[in-house]
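Visitor: The structure follows.
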Amino acid sequence: MSTTTIVVNGRGIRARTGQTILEAALAARIVIPHDCATGQCNTCRVRVYDGTVDDRGTQLGDSVLACRSTILGEAVIEYDEVPGEERRVGAVLSIEDLTADIVQVVMGLETRLLYLPGQYVKVEFRGFPARDYSPTLRLDGSADLTEIVLQIRREERGVVSTALGLGISAGHPVKVRGPFGSAYHRLGTKRLVLVSTGVGFAPIWAIARASRLREPGRALTVIAGARHAHNLYMRPALDWLSSQGATVMLTCSGADDTPGVLAGRPTLHLPRLTPTDTIVACGAPGMVASVELLAAAGGATCYSDPFLPARAPASLRDRLLGFFRR
Ligand code: FES
C-alpha cells in the first residue's frame, strides 16, 4: 500500500491505495451517502471524473460504487449532495389493497422527512424487522408533506408484508430512517426513460410525477410491467402521465390478452438507448441487470434500484447480485 491524493467533491484528501473510496472519504470526514456498505443498495454511487479506480465490477458509465471500488492512485471523485439521513416516528394512517397481492400503506410522520423522488427509506413497524421501501404518491398523485405512501407486495412468507392489515393496522407505530439510494430524480434535458416491474413502480411513479411537474418539456417514456395482469395497478398513474405527454407502456410477462397491455417483459419494449438518454430501472434484479447492460451498450446514463429479497442473508444477496450482474 502507498499513499496518494484523491479529490472528493473538490476537496483533496490523503488516501491509501487499496482502500475503498468510501473508507478514504469517511476517514477524512467526508460522508458520501451510503447504506449497506457491501455493494447491494447503490446508495454510494459516485462519478469518477479523472484517474482510475478498481471498480470491482460496479462500473455503470462513468460511475462506480464507492463502498466496493478501491483506490489505485490519484483520482477525482464527485457525488451528488442529497438530503442527509434522519429519523422520524409516526403511525400507520391507512392500509388499502390495490390488488390481491399489492397493498398501499400510508403513514403519518410527526415532522416531514426530506428525500428525493425515487430514494428509499427504512421502515420499522413496531415489533417487526425494518424493511426498505420507496416512498411514492397515491395513484392520483396526492401525498401530504408529512405522509409516507408505500406500495408493498405481499410476499408469501414475508414477515412484514403478511402482517399488513392483520398485526399491523391503522394507528400502528412506525419508525422511519433515511433517505438512501441513487435512483432518484435529477433535472436534465436528456430523454428520461423509466422502467419498472411490480412495486418497482413506486419509485418510478414518484420520479415520473416529479419530472412532469418540474420539467414538463422533457421527453419521458415510462414502461411498467408485472408478471400477472391483475397486478397492473398503475393504470391511473400512467393515464395521467399519458395525458401530460409522456409515452407510457404497460407490459405483462405472463399469459394475458388485456387490451392495451403489451406481452413480454419491459426490456422487450425499451426504445433504443443512446448517449442522450437517462434511464432509471427499479424492480426485479434480473430486469434491472438487463437494463444496465442495454444502457451500457447504448452509452446511456443509468441509475438503478434492484429490489432484493428482504429475508435473504447477505451472502445470498451477494450471490443473487453477482448472478444477475454477470
Ligand atoms: S453503500 Fe455502497 S452499495 Fe450500498
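Visitor: By counting other Cβ atoms within 10 Å of each Cβ, how are PHE201, PHE125 ranked from fewest to most? Let's see the in-between values first.
Guide: Working: PHE201 30, PHE125 21.
Going from sparsest to densest Cβ surroundings: PHE125, PHE201.
Visitor: Grab the Cα-Cα distance for ALA297 and TYR49, subtract it from 0.36 nm times how many residues apart they are, and report the gain in nm with one decimal. Show your work: numbers first, answer last.
Guide: Working: separation 248, 0.36 × 248 = 89.28 nm, distance 2.02 nm.
Between ALA297 and TYR49, full extension yields 87.3 nm more.
Visitor: On full extension of the chain, what length is gained from ASP239 through ARG177, given 0.36 nm per residue of separation minus the C-alpha to C-alpha distance? Let's see the in-between values first.
Guide: Working: separation 62, 0.36 × 62 = 22.32 nm, distance 3.21 nm.
Length gained between ASP239 and ARG177: 19.1 nm.
Visitor: Just want the ordering: MET249, MET1, MET287, from fewest to most Cβ atoms lying within 10 Å of their own Cβ. Write out the running numbers ahead of the final one.
Guide: Numbers: MET249 20, MET1 8, MET287 25.
By the 10 Å Cβ count, ascending: MET1, MET249, MET287.
Visitor: Please report, in cubic angstrom per residue, the volume enclosed by the convex hull of the alpha-carbon atoms of the stretch 147-199. Walk me through the numbers before you get to the answer.
Guide: On the way: hull volume 7.0 nm³, N = 53.
Convex hull of Cα atoms, per residue: 133 Å³.
Visitor: Given points 7 Å out from each Cα along the Cα-Cβ axis, report the ASP80 to VAL31 separation in nanometres with one decimal.
Guide: Taking the simple label geometry, ASP80 and VAL31 are separated by 1.9 nm.
Visitor: Identify, among ILE13, PRO216, SER182, the residue whose Cα sits farthest towards the positive end of the charge dipole of the chain, taking +1 on the Cβ of Lys and Arg and -1 on the Cβ of Asp and Glu, with the dipole about the Cα centre.
Guide: About the Cα centre, the residue reaching furthest to the positive side is ILE13.
Visitor: Relative to the longest principal axis of the C-alpha atoms of the chain, give the angle of the C-alpha long axis of helix 285-298, reported between 0 and 90° and rounded to the nearest 10°.
Guide: Result, in degrees: 60.
Visitor: Hey, how many Å between the Cα centroid of the stretch 259-274 and the Cα centroid of the stretch 128-145?
Guide: 26
Visitor: Kindly provide the helix-only [θ] at 222 nm of the chain, computed as the sum of -39,500 (n - 2.57) over DSSP H runs of four or more divided by all residues, to the nearest 500 deg cm²/dmol? Intermediate values should be presented prior to the final figure.
Guide: Details: 5 runs with 56 residues, N = 326.
Mean residue ellipticity, 222 nm, calculated: -5000 deg cm²/dmol.
Visitor: Any idea what log10 I(q)/I(0) is at q = 0.16, 0.18 Å⁻¹ for the stretch 208-299, Debye with uniform C-alpha scatterers and no solvent?
Guide: Values returned for q = 0.16, 0.18 Å⁻¹ are -0.69, -0.87.
Visitor: How many times 2.2 N^0.38 Å is the alpha carbon radius of gyration of the stretch 197-242? The partial results should precede the final answer.
Guide: On the way: Rg = 10.9 Å, N = 46, 2.2 N^0.38 = 9.4 Å.
The reported ratio for this selection is 1.16.
Visitor: Can you tell me what percent of all Cα-Cα pairs in the stretch 1-44 are more than 12 Å apart? Each step should come with its number before you reach the end.
Guide: Numbers: 570 of 946 pairs.
Counting every Cα pair in the stretch 1-44, those more than 12 Å apart make up 60 percent.
Visitor: Suppose we keep just the DSSP beta bridges with both residues in the chain; what percent of those would be antiparallel, to 5? Can you show the working numbers first?
Guide: Numbers: 46 of 77 bridges.
Rounded to the nearest five, the antiparallel share is 60 percent.
Visitor: To continue, here is another question. What's the Kirkwood radius of the chain in Å, using all Cα pairs? Provide the component values of the computation, followed by the final result.
Guide: Details: mean 1/r = 0.0491 Å⁻¹.
Across the chain, the inverse of the average 1/r is 20.4 Å.
Visitor: Same structure, new question: Can you give the Rg to Rh ratio of the stretch 86-180, both from alpha-carbon atoms, with Rh computed by the Kirkwood formula?
Guide: 0.92
Visitor: Please compute the modelled spin-label separation between ARG87 and ALA163, points set 7 Å along Cα→Cβ, answer in nm with one decimal.
Guide: 1.8
Visitor: Any chance you could give the angle, 0 to 90 degrees and rounded to 10, that helix 314-325 forms with the longest Cα principal axis of the chain?
Guide: 90
Visitor: Let me know the whole percent of all Cα-Cα pairs from the stretch 52-97 that are separated by more than 15 Å. Numbers along the way, then the final one.
Guide: Numbers: 652 of 1035 pairs.
Pairs farther apart than 15 Å: 63 percent.
Visitor: What is the distance in Å between the Cα centres of the stretch 54-97 and the stretch 228-253?
Guide: The stretch 54-97 and the stretch 228-253 have Cα centres spaced 28 Å from each other.
Visitor: Shifting gears a bit: Arranged by the count of other C-beta atoms within 10 angstrom, fewest first, what order do ARG112, ARG45, ARG272 take?
Guide: Details: ARG112 13, ARG45 25, ARG272 9.
Exposure proxy ranking, most exposed first: ARG272, ARG112, ARG45.
A short reminder: the numbers here are calculations on the coordinates, not readings from a lab. From a predicted model like this one, the values you see are computed outputs, not experimental measurements. Note that each Cβ is placed from the backbone with ideal geometry, even for glycine, and that neighbours are counted across all protein chains shown.
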